[in-house]
Amino acid sequence: MQEQDLYNAEEGSAEDQRGVWGGSADGEPDRELRVPGKAERHGRQSRTKIAEEKRLKEKKRVTPPPSTFQRFSVDTNESLHFEPYIPSDEDEPRSPSFRGATVFSDEVFEEEGETEEGPPTEDAGGSRVDLKEGLGGHSERDPPDVFCMDCKVPTQASQKLFGPHKDHRVIQISRAADEVKEDLQKGMHKLEEQIGLMENFASHLEEIFITVEENFGRQEQNLEQHYNDVLQALSQRNEQGAAQLQDDKKLKLEALYTQLLECGKTLDVSKELIEEAQQIYRDEDKTAFLQAVTPALRRIEELSQDESEIKLSSSMDFENTPVDFSDVKQMMDSVNILPAPSAPVINPQVPNSASSTSARVCWSLFSNDTVDFYDLHYHPVLDDATFTGLQAPDALEIRVKETYCTVTELLPNAQYEFWVTATNTTGVSPASEKAVYMTVPSPPIIKPRECASCPEAALIRWESGNANPVDSYTMELSEIGAEGGANAVTESIVAVPTCECLVQLQPGRHYSICVRAVNIGGPSERSEPIIIQTTGTSFHLLEDTAHPCLSISSDGLTMFYTDEDLPLSGMVFSDNTFARCVAVLGELIPVRGKHYWEVEVEDRTEFRIGVAYEDTQRNGFLGGNSTSWCMRHVITPSRHKYEFLHNGWTPEIRITVHPKRVGVLLDYDAGKLSFFNAHLAQHLYTFQCRFLHHVHPCFALDNPGALALHNSIAAPAYTMFN
Amino acid sequence: MALTQVSSNKCCGGFQKVFEHDSTELKCRMKFAIYLPPKAESEKCPVLYWLSGLTCTEQNFITKAGSQQAASEHGLIIVAPDTSPRGCNIEGEEESWDFGTGAGFYVNATEDPWKQNYRMYSYVTEELPRLISAHFPADPEKMSISGHSMGGHGALICALSNPGKYKAVSAFAPICNPMQCAWGQKAFAGYLGPDKSKWETYDATTLVGSYSGPQLDILIDQGRDDQFLSAGQLLPDNLIAACTEKKIPVVFRLQQGYDHSYFFVFSFINDHIKHHAKYLNA
């Protein structure tokens, strides 16, 4: 877009120029920006010139000038599409030298005449010159066959030996053209880069322009706001003071008036009393006088004691209460400084922005704030249940200049609360809202012992690898090619809710499978991969079903019934444990189809090998019920006996060679369970039965010994004939 | 070596045919039955030789055993020869059902008057395979052999005496140890004379003891209610013991309730054809 704009501007649509430059449409930057466009045009012509020169040299004799000319203009039109082209320094000095070469040729002038007789065109000026140059480079008498790279002049090979180009680097014209073209190309690229840089710089300037303009606008607003605030505050004070004075005046006058009234009353009473006393005084009767005088005297005495009233009840002074102008002063002071920033806005977590130990936190500020730095505060969000009564941990703090920060050294699959404050010279902003970010989980750990596979599918199980629950898991499969290298991930299964996943596979391949744990923060690293080969069926023994006397090797593939007498009290039975038959189940992948496995047995080992429903009676013997099918080996004093037991019944079958390795083929679709002597490829017996549910391989030892399970064996071809 | 077609019936996509020819070994006109599976129309197929029991002709097996379906599926040719030379006009030939006509016992007789014609061993192991290879799309490298009763005995001795010749062997209620049973003693004494060392070369249980060659895998079915089993004519235990001793793999299935008839054969023929197919089609 940017490029387009620039070229549009070059085409002369100055009205379209953007606001940034609006104020200074004729300013320097504009002119500079136009230059590349112009140069491009010019360059385009120059290049066409060169191409045409070459062509003319080849075609001149057979092609009449008008058609040559036409070709030229067609070419020019074709080349109108934009392809930044920069005139290189070589172009300019070269043209004159071409001309120089023509001077000595007479024919040139004749031909030139012919050319001029051709039809005139609008673009005649430039192109005719080009033609002259082109023709000038060609001389019938001594055609230049080489090119001097030092002088940039075409010349003859002979001149290399004797002429002015004696010690110069002289090469074939065609090669010279290629080399010069290459130089030209380089120059073009250089200038293209410069254009790119300049364009970037221009857009950067534009941004700065806008920002500065906005900042000043904001400052103006601020200033106005501040002065308004101060004036408002002052006028408020004025009103307050006036009202206060009014109130004081009223109170004082009222008090004085009341006192005046009371004085009047007292005067009246006093006067009455004097009159009364005078009357009594005048009384002749001594006895009556004495009788009346006593109360009068008491009243006079009372009245004369009220002298205290003859004082101002309150002070009539004007109390000059000091007015607090500190806030106004502060406002005045702050008129010229920045306001403290307002609270930044913290962004919610963006997907894939966290790792298991780090998180990238982003926030933004209100555009009219000036901020020197931010403080990012955070602390882990603790599970209430776990940490009740414990003090919340202290918040940690990071100071950054940017509006983002990658916080490291976090715990995996944990929630952290983040908040930000912004600070500038004036002060600290309030804190932002708190945002909860989550680190991605630790990678899960695949449990190879609990994985199972068959030619069509694999059952993968893993441990979360995280103390807290995660949202889901993603399983990634890649096929391992014949050359051993793992291909790119060929399939991903996402949103696996639990720690296991059954996946369809192609038979006869090798797969590398790994798991990621996923939470809101994103997916974890990959787990260690497990290699699954779909050559055969693979499973492990279910240790929790094993009879206490049966021990299982660490690889989960060999079971032992040791001779040692275990006291019954030392045996631990659970609901899932075989209690009578010294047996164990294997966990077959729950996929119908065909499954084959082999069991290595010893001559003297009495065993039962077969399949059973998962819920087969733990109290019974394998083959003795309707939920299990097995081949049993019994040693009688006279011979080895083989039974093929189901529901307690066996056909009578004699086998002359004791199988050292028993092959078991379970075919759900055909409803068959077959046994083989794997070493001899000998078919021993086939049960016909419809398995309604999935069955598990079962193994039992009826006397001390061992059985070794062999996995991942493709069912041999001979097993198809049974 | 000219063959004359006696009958041809389409069966299970292929053809069940009977041919007649002049046997050089037996010096008489012999019939044999051959089942050609559909696959034989386009390519060579392995051949399973079926040896029938006492009194049988080539007809019993092809009309009663129901082998054609499985043979068609697995692409096997099944050849069922007659059980003895016919019409040789030897004195006493027709006197008993367990000796002479219909009771060749798959031996090469050494005694007069039988030794001219009663060469069933050479007939089934040499002449017949040559004939089949020459006239039918049969793969001469892929042969196997099976049989019932006396034919079971025949199948076992052919396989044990010719290591590698037959890719697989199986039997229904075979006479496992003829030297120890009445049928065998009568036949061997008649065809081979009193020298018991000669008998041994036609006794499966004895042959097991001296067998050395490619691994065999012998499948034997035996009806439990077979009157000849209880009569001591079959003696499978002796063979099993010998095989156990020599570690020759045998799966011997004692099938509850079954007798000696072709109903028994019919019931398990599929298992046997699969057993042969496993080795012939490997």
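The values are calculated or read from the model by the stated rules, or taken from the named source; none is laboratory data. Note that this is a predicted model, so its numbers are computed, not measured. Here the Cβ is made from the backbone with ideal geometry for all residues, glycine too, and neighbour counts use every protein chain on show. Protein only, heavy atoms only, side chains kept; ligands, DNA and RNA dropped before computing areas. Shrake-Rupley method; radii C 1.70, N 1.55, O 1.52, S 1.80 Å.
Only residues that are under 17 Å from A:Tyr561 (Cα atoms), of a type in the set (A, V, I, L, M) and in a strand (DSSP E or B) were counted in region A:603-640, giving 3.
When both residues are 6+ apart or on different chains and their Cβ atoms are under 8 Å apart, which pairs have a first residue that lies in region A:423-440 and is under 20 Å from A:Ser355 (Cα atoms), and a second that is outside any loop (DSSP other than H, G, I, E, B) and open to solvent by 50 Å² or more (accessible area, probe 1.4 Å)? Final answer for the pair search is A:Val436/A:Gln415; A:Tyr437/A:Gln415; A:Met438/A:Gln415; A:Val440/A:Pro523.
With the requirement that a residue be within 13 Å of chain B (Cβ to nearest Cβ), outside any strand (DSSP E or B) and open to solvent by 40 Å² or more (accessible area, probe 1.4 Å), what does region A:679-700 give you?
Initially, region A:679-700 is screened for residues within 13 Å of chain B (Cβ to nearest Cβ), giving A:679-686, A:688.
With outside any strand (DSSP E or B) added as a condition, the list becomes A:679-681.
The answer is A:His679, and nothing else.
Inclusion of A:Glu417 among residues that are at positive phi and at pLDDT 85 or above is not warranted. Applying the condition of being part of a helix (DSSP H, G or I) and buried (at least 16 other Cβ atoms within 10 Å of the Cβ) to region A:703-722 and asking which residue is nearest to the chain's Cα centre (by Cα) yields A:Thr719. Here A:Lys641, A:Lys672, A:Lys660 are screened, and the one residue that is within 16 Å of A:Ala715 (Cα to Cα) and open to solvent by 10 Å² or more (accessible area, probe 1.4 Å) is A:Lys672.
Restricting attention to region A:650-666, the residues that are assigned to a strand (DSSP E or B) and at the interface with chain B (Cβ under 10 Å from one of its Cβ atoms) total 4.
Looking only at region A:510-526, count how many residues are more than 15 Å from A:Val496 (Cα to Cα) and open to solvent by less than 50 Å² (accessible area, probe 1.4 Å). Outline the logic, then answer.
Within region A:510-526, the first condition is being more than 15 Å from A:Val496 (Cα to Cα), and the residues that meet it are A:510-512, A:521, A:525.
Restricting the remaining residues to those that are open to solvent by less than 50 Å² (accessible area, probe 1.4 Å) gives A:511-512, A:521.
Summing the residues that are more than 15 Å from A:Val496 (Cα to Cα) and open to solvent by less than 50 Å² (accessible area, probe 1.4 Å) in region A:510-526 gives 3.
Given the structure, is A:Ala681 of a type in the set (Gly, Ala, Ser) and touching a residue at least 24 places away in the same chain (Cβ under 8 Å)?
Details: of a type in the set (Gly, Ala, Ser): yes; touching a residue at least 24 places away in the same chain (Cβ under 8 Å): yes.
Considered against the rule, which asks whether it is of a type in the set (Gly, Ala, Ser) and touching a residue at least 24 places away in the same chain (Cβ under 8 Å), A:Ala681 comes out as yes.
Residues in region B:257-282 that are touching a helix residue (DSSP H, G or I) at 6+ places or on another chain (Cβ under 6 Å) and assigned to a loop (DSSP other than H, G, I, E, B) were compared, and the one that is farthest from the other protein chains (Cβ to nearest Cβ) is B:His260.
In region A:508-527, what residues are in a strand (DSSP E or B) and within 12 Å of A:Ser356 (Cα to Cα)?
Quick first cut of region A:508-527, residues in a strand (DSSP E or B) only: A:510-519, A:522-523.
Result: A:Arg516, A:Ala517, A:Val518, A:Asn519, A:Gly522, A:Pro523.
Can you say whether B:Ala231 is surrounded by 24 or more Cβ atoms within 10 Å (Cβ to Cβ), away from every other protein chain (no Cβ under 14 Å) and small (Gly, Ala, Ser), as far as the supplied structure shows? When the stated conditions are applied, B:Ala231 does not pass them. Screening A:Val428, A:Val470 for residues that are among the aliphatic types (A, V, I, L, M) and surrounded by 14 or more Cβ atoms within 10 Å (Cβ to Cβ) leaves exactly one candidate, A:Val470. The residues listed here are A:Tyr596, A:Tyr613; of these, the one that is touching a Gly at 6+ places or on another chain (Cβ under 7 Å), over 30 Å from A:Pro443 (Cβ atoms) and touching a residue at least 40 places away in the same chain (Cβ under 8 Å) is A:Tyr596.
Any residue at all in region A:702-716 that's within 12 Å of another protein chain (Cβ to nearest Cβ) and closer than 28 Å to A:Ser553 by Cβ? Checked region A:702-716: at least one residue is within 12 Å of another protein chain (Cβ to nearest Cβ) and closer than 28 Å to A:Ser553 by Cβ. Number of residues in region A:431-456 that are surrounded by fewer than 24 Cβ atoms within 10 Å (Cβ to Cβ) and closer than 22 Å to A:Gly521 by Cα: the value is 10. The residue list A:Arg580, A:Arg592 contains one member that is over 30 Å from A:Tyr718 (Cβ atoms), assigned to a loop (DSSP other than H, G, I, E, B) and touching a Phe, Trp or Tyr at 6+ places or on another chain (Cβ under 7 Å), which is A:Arg580.
Here B:Gln16 fits the description: among the polar types (S, T, N, Q), at pLDDT 95 or above, within 22 Å of the chain's Cα centre (by Cα) and within 19 Å of B:Ser133 (Cα to Cα). For region B:243-256, a residue qualifies if it is part of a strand (DSSP E or B) and facing another protein chain (nearest Cβ under 7 Å), and the qualifying residues are B:Val250, B:Val251, B:Phe252, B:Arg253, B:Leu254. Select from region B:193-228 the residues that are part of a loop (DSSP other than H, G, I, E, B) and open to solvent by 80 Å² or more (accessible area, probe 1.4 Å) and write down the one among them that is farthest from the other protein chains (Cβ to nearest Cβ). Result: B:Pro194.
Taking region B:243-264, which residues are open to solvent by 20 Å² or more (accessible area, probe 1.4 Å) and among the aliphatic types (A, V, I, L, M)? Selection gives B:Leu254 alone.
Yes or no: region B:177-192 includes at least one residue that is open to solvent by less than 20 Å² (accessible area, probe 1.4 Å) and either within 14 Å of chain A (Cβ to nearest Cβ) or over 18 Å from B:Gly154 (Cβ atoms) (or both). Scanning region B:177-192, I find no residue that is open to solvent by less than 20 Å² (accessible area, probe 1.4 Å) and either within 14 Å of chain A (Cβ to nearest Cβ) or over 18 Å from B:Gly154 (Cβ atoms) (or both), so the answer is no. Of the listed requirements (1) surrounded by 13 or more Cβ atoms within 10 Å (Cβ to Cβ); (2) under 30 Å from A:Gln330 (Cβ atoms); (3) free of Cβ contacts under 8 Å to residues at least 60 places away in the same chain, A:Arg218 misses just one: (3). Within the set A:Lys190, A:Lys252, A:Lys271, the sole residue that is open to solvent by 70 Å² or more (accessible area, probe 1.4 Å), part of a helix (DSSP H, G or I), in contact (Cβ under 8 Å) with a residue 24 or more places away in the chain and of a type outside the set (A, V, I, L, M, F, W, C) turns out to be A:Lys190.
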